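S.K.: First the structure, then my questions, so here it is.
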DNA sequence: GTTGACAAACTAGCAATGCTAGAATAAATG
DNA sequence: CATTTATTCTAGCATTGCTAGTTTGTCAAC
């Protein structure tokens with residue numbers, strides 16, 4: 001009987017619509033506007049229905065964030081061109097990372113700022129959460145002995161650049177200079193800026 | 001007549017008590033527990049009184065954050081010992097910065113994550129907001145052509161390390177190795193880790 | 001077909017939040 | 001003492017996340 005299959009399919013579809021609505025509203029009006037009531041309105045069901053899909057609001061943010069990690073990983077991988085030198089690749093990945101952060105501030109917020117209930121560095125950690133790290137590790141590897149630690153540090157630098165600029169604490173006009181600095185630092189040359 | 005002086009003095013004192021209470025509660029129970037009602041309870045006045053001191057809750061967070069910037073600046077300056085080499089100074093400041101972030105997570109959150117209404121890079125920017133940057137610039141200067149940009153990048157790296165570790169996305173056990181990496185990067189040597 | 005069990009969805013409401021209008025009180029002024 | 005002005009409070013609004021309890025729909029057993 002395909003009835004129960006249809007039902008779970010429809011149910012999954014409804015879950016998807018919740019996540020899509022959350023993302024859409026967040027990107028247009030900010031996460032503060034993503035309320036359970038508004039999401040319920042959007043999917044045309046009552047509020048308690050949302051709690052049969054997600055334990056709480058944070059889990060909805062987490063579902064959006066998970067999408068974001070997948071997309072970021074794809075973008076970072078696409079930024080690595082085989083024809084580039086190792087140094088250029090570092091710069092390209094760094095630029096792609098920051099472009100992502102500034103083009104999708106709400107998504108970046110979900111991924112790195114808001115509580116999401118996502119579990120990192122665990123056995124049940126979803127693949128999306130590891131892939132972005134993997135892409136960064138790929139371009140860092142040629143310059144590092146301890147690739148994991150070096151990638152963590154590279155990632156931290158990018159995250160810090162994104163956050164400080166997003167909060168208006170460093171000068172937007174000097175973004176590319178800062179990326180150059182990071183690239184030169186990673187590739188072990190003295191800053192010539 | 002010293003009466004009005006006494007009144008403004010008492011009023012300022014009450015304002016101070018609000019900020020102290022906010023900080024105390026935040027450090028003990030987190031910022032979510034810092035509610036207007038709880039603060040009103042703490043200072044033994046009704047809620048509307050708080051709004052004669054601060055426009056809204058964010059401004060209270062901002063007042064605590066401002067204290068934090070002052071203290072961070074002091075700590076960073078104290079970390080610079082005249083007897084150290086330039087490279088050691090970079091490492092010492094980096095370590096002091098991260099120690100601050102992890103020892104006072106609520107304070108760090110107020111300074112860098114929560115909305116505060118604080119204005120950076122403006123003519124009316126309070127001195128506290130500039131001093132921490134100044135301390136970092138001091139130790140970066142020997143290694144940089146463009147000191148401001150290099151300091152921004154250094155700061156971003158530290159901020160990213162603090163945030164990613166605070167959120168459990170990088171391994172706490174490798175903190176000192178990451179600091180070493182940053183120090184070596186700033187001082188322009190190849191990573192030997 | 002009717003009935004009864006089960007699942008799905010809804011209505012209504014709780015407790016908490018930031019914030020504010022308007023009343024009450026205290027203090028200063030004539 | 002009367003009046004105006006400044007303080008402070010009471011009470012309440014609108015919004016939030018979340019949930020208890022009820023209604024509605026579905027489907028199998030008789």
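S.K.: What do you reckon, is residue B:67 in a helix (DSSP H, G or I), within 24 Å of residue B:113 (Cα to Cα), away from every other protein chain (no Cβ under 14 Å) and within 16 Å of DNA strand C (Cβ to nearest atom)?
M.R.: Here the answer is no, as residue B:67 does not meet what is asked.
S.K.: Across segment B:50-62, which residue is nearest to the other protein chains (Cβ to nearest Cβ) among those that are within 13 Å of DNA strand D (Cβ to nearest atom) and surrounded by fewer than 16 Cβ atoms within 10 Å (Cβ to Cβ)?
M.R.: B:51
Residues are listed down the side, and each one gets a yes or a no for (1) within 10 Å of chain A (Cβ to nearest Cβ); (2) modelled with pLDDT under 95; (3) within 19 Å of residue A:182 (Cβ to Cβ):
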position: B:107; (1), (2), (3): no, no, no
position: B:110; (1), (2), (3): no, no, no
position: B:118; (1), (2), (3): yes, yes, no
position: B:127; (1), (2), (3): no, yes, no
position: B:130; (1), (2), (3): no, yes, no
position: B:154; (1), (2), (3): yes, no, yes
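S.K.: I would also like to ask the following. What residue, of A:67, A:44, A:27, A:71, is away from DNA strand D (no atom under 11 Å from the Cβ), under 14 Å from the mean Cα position of the chain (by Cα) and not assigned by TED's automatic domain parsing to the domain that holds residue A:178?
M.R.: After applying the criteria, what remains is A:27.
S.K.: Right, something else. Checking residue B:160 against (1) over 17 Å from the mean Cα position of the chain (by Cα); (2) free of Cβ contacts under 8 Å to residues at least 40 places away in the same chain; (3) within 12 Å of another protein chain (Cβ to nearest Cβ): exactly one of these is not met. Which one?
M.R.: (1)
Residue-by-condition table, conditions (1) within 25 Å of residue B:19 (Cα to Cα); (2) more than 18 Å from the chain's Cα centre (by Cα):
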{"position": "B:80", "(1), (2)": "no, no"}
{"position": "B:93", "(1), (2)": "no, no"}
{"position": "B:97", "(1), (2)": "yes, no"}
{"position": "B:104", "(1), (2)": "yes, no"}
{"position": "B:108", "(1), (2)": "yes, no"}
{"position": "B:117", "(1), (2)": "yes, no"}
{"position": "B:146", "(1), (2)": "no, yes"}
{"position": "B:149", "(1), (2)": "no, yes"}
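S.K.: Which count do you get for residues in segment A:100-120 that are surrounded by fewer than 18 Cβ atoms within 10 Å (Cβ to Cβ) and over 25 Å from residue B:32 (Cβ atoms)?
M.R.: So the answer is 2.
S.K.: Let me ask another. Determine if segment B:163-174 includes at least one residue that is more than 16 Å from residue B:102 (Cα to Cα), at pLDDT 95 or above and out of contact with any strand residue (DSSP E or B) (no Cβ under 7 Å at 6 or more places or on another chain).
M.R.: Scanning segment B:163-174 turns up no residue that is more than 16 Å from residue B:102 (Cα to Cα), at pLDDT 95 or above and out of contact with any strand residue (DSSP E or B) (no Cβ under 7 Å at 6 or more places or on another chain).
The values are calculated or read from the model by the stated rules, or taken from the named source; none is laboratory data. This structure is a prediction, so every number in the text was calculated from the model and none was measured. FYI the Cβ positions are ideal-geometry reconstructions off the backbone, even for glycines, and counts take in every protein chain you see.
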